[in-house]
1. Please work out the FRET efficiency for the pair Ile137 and Thr41, using the Cβ-Cβ distance as r and a Förster radius of 60 Å; give the result to the nearest 0.05.
2. What is the spin-label model distance, in nm, from Asn221 to Lys381 if the labels are put 7 Å beyond Cα along the C-beta direction?
3. Bin width 5 Å, alpha-carbon pairs only: give the P(r) of region 204-327 as whole percents, running from 0 to the bin holding the largest distance.
4. Obtain the nm distance between the two label points defined at Arg130 and Lys494 by a simple spin-label model: each point lies 7 Å from its Cα along the Cα-to-C-beta direction.
5. Mind giving me the nanometre distance, one decimal, between the label points for Glu63 and Asn300, set 7 Å out from Cα along Cα→Cβ?
6. Normalise the Cα radius of gyration of region 60-109 by 2.2 N^0.38 Å (N = residues in it) and let me know the number.
7. Which values, in whole Å and largest first, are the semi-axes of the equivalent ellipsoid of region 422-468 obtained as the square root of 5 times each eigenvalue of the Cα gyration tensor?
8. To the nearest 0.05, how large is the calculated FRET efficiency for Met308 and Arg263 if R₀ is 22 Å and r is the Cβ-Cβ distance?
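The values are calculated or read from the model by the stated rules, or taken from the named source; none is laboratory data. Treat the numbers as computed from the prediction; the structure is a model and nothing was measured. Using ideal geometry, Cβ is built from the backbone for each residue, glycine included, and neighbour counts are taken over all protein chains shown. Each accessible area value is taken on the protein alone, full model and side chains, heavy atoms only, with ligands, DNA and RNA left out. Shrake-Rupley method; radii C 1.70, N 1.55, O 1.52, S 1.80 Å.
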Amino acid sequence: MESLWRKQIKIIEDKQGKESSGMPHSQDRHAGVLHAGFNHTRRDVIVIGAGMAGLLTAYYLKERGKNVLVLEADKIASGQTERTTAKITSQHGLKYSTLINTMGIKKAEMYAKANEEAIREYERLIKNHRISCQFEIVPAYLYTLLNEATLKKEEQAAKRLGIDAFFARETELPFPVAGALCFQNQAQFSPLEFIRYLSSNLEIWEQTKVTAVRGNQVVTNGRVLTADKIVVATHYPFLNIPGFYFLRQHQERSYVLALSGCRKIIGMYYGVDKEGLSLRQAGDTLLLGGGSHRTGENSNGGSYDLLMQAAKQYFPGSRVEARWSAQDCMPHDGVPFIGRYSAFTPDLYVASGFQKWGMTSSMISALILRDELCGIENPYKKLFSPLRINFRAAAGNFILDAGMSVKGLSKGLLHRPKKDAESLPCGHGGIVLVDGKRFACCRDEAGELHMISARCSHMGCELEWNPDEKSWDCPCHGSRFDVDGNLLDNPSKKDR
């Protein structure tokens, strides 16, 4: 089903009598989106990736007088940005008690301030430029059905850091909670309507896939471009070396239903229990999220079923208008990577590791990178620097991810497939052995068999079938492929 955000944009465009492409496209010169045949090939800055982080970064750099070009492999906001639930918040789960324990109170306080300032910057930008994007100031709640003690601990941590938060026992949710923690003055909006404004005066080349970066040169599918500075804002950094981001974070998927016919809620909600739900209102539609799992670990499926059951139980009579899933990069120490790509690449920068909070982190990225590339000191530069080392915060997740990589790489040696291609029922997939070689096979609903290599084209880990998305997912680093091996999500750069 099509993303709710794209559907909303089409409705707006239809009302205005415009072509309903969802965003400005390669023929819309007035919108600043130019085709890849444009002649000039040198810029002050090239930003790779036209999602929220890339476009905000380009916007602020252009505002400071930089000549900026944005390169996008597909269409504007066609990646994780169009799949977000669009919460602009400093409330990131049970974040602050953890950060105080692993990084200390000063760094935890800086993390909180950076996110709070990002909310206020969205508010300033949207109000000053009168951007119509359904922006609203609303409270954000963490809630639990089981044990209030964890939220009480987080409340104490938040207050120590100066966050306007309070504990509550009752909410507007259609089910009782053991407790809830409210952060006040948070926000929500329509990201694609906001991006329409951002992209209107930027030079953006869609359908321009970057295949390599060599010094100050960017290699695309049609030419070589040059820039003084280069920013990689592709959700997951696609350059393995240097940087080694595949050793420093993993990816998770989560799922969303867009429901109509529900009683409206005012706040944004995020459940901290194992099967907790995410809820927020988007106009007349309720966004119901959950079912999170590590990418490549969903062989039994059921994430959409979980949400459907919750919708039936808590919102009887509601209708599913759209559904989709999103992918999030989870850094080992719980802090995004924003700044220099590596110690060996003085002109290459990165924005990644946003966890499940991409909208707020995108703004933090844009402001830090703007200052970095314009020679301005930013108070949050060191906290988010990709060059940081924090063994205490990262060790546990690093060991877990290393184990997953070993498991994924060794499957071909230690595990014999239990399925054969002929026995696969319609709509199912599995690893099969054909003439002594392992293949990822699935049979579509029409009965046609699809067969691709069982190994991820990123680093060779064995793929896992995701029945919820009918995709092949890599449990090591999160690359994803459709049934014919076409790349859906990086870090891989090639089809299977």
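1. That gives a FRET efficiency of 0.85.
2. 3.7
3. 2, 9, 15, 15, 11, 10, 10, 10, 10, 5, 2, 0
4. 5.3
5. With each label point 7 Å from Cα toward Cβ, the separation is 4.8 nm.
6. Here the answer is 1.79, to two decimals.
7. On the way: eigenvalues 72, 33, 12 Å².
Taking √(5λ) for each Cα gyration eigenvalue gives 19, 13, 8 Å.
8. Calculated value: 0.75.
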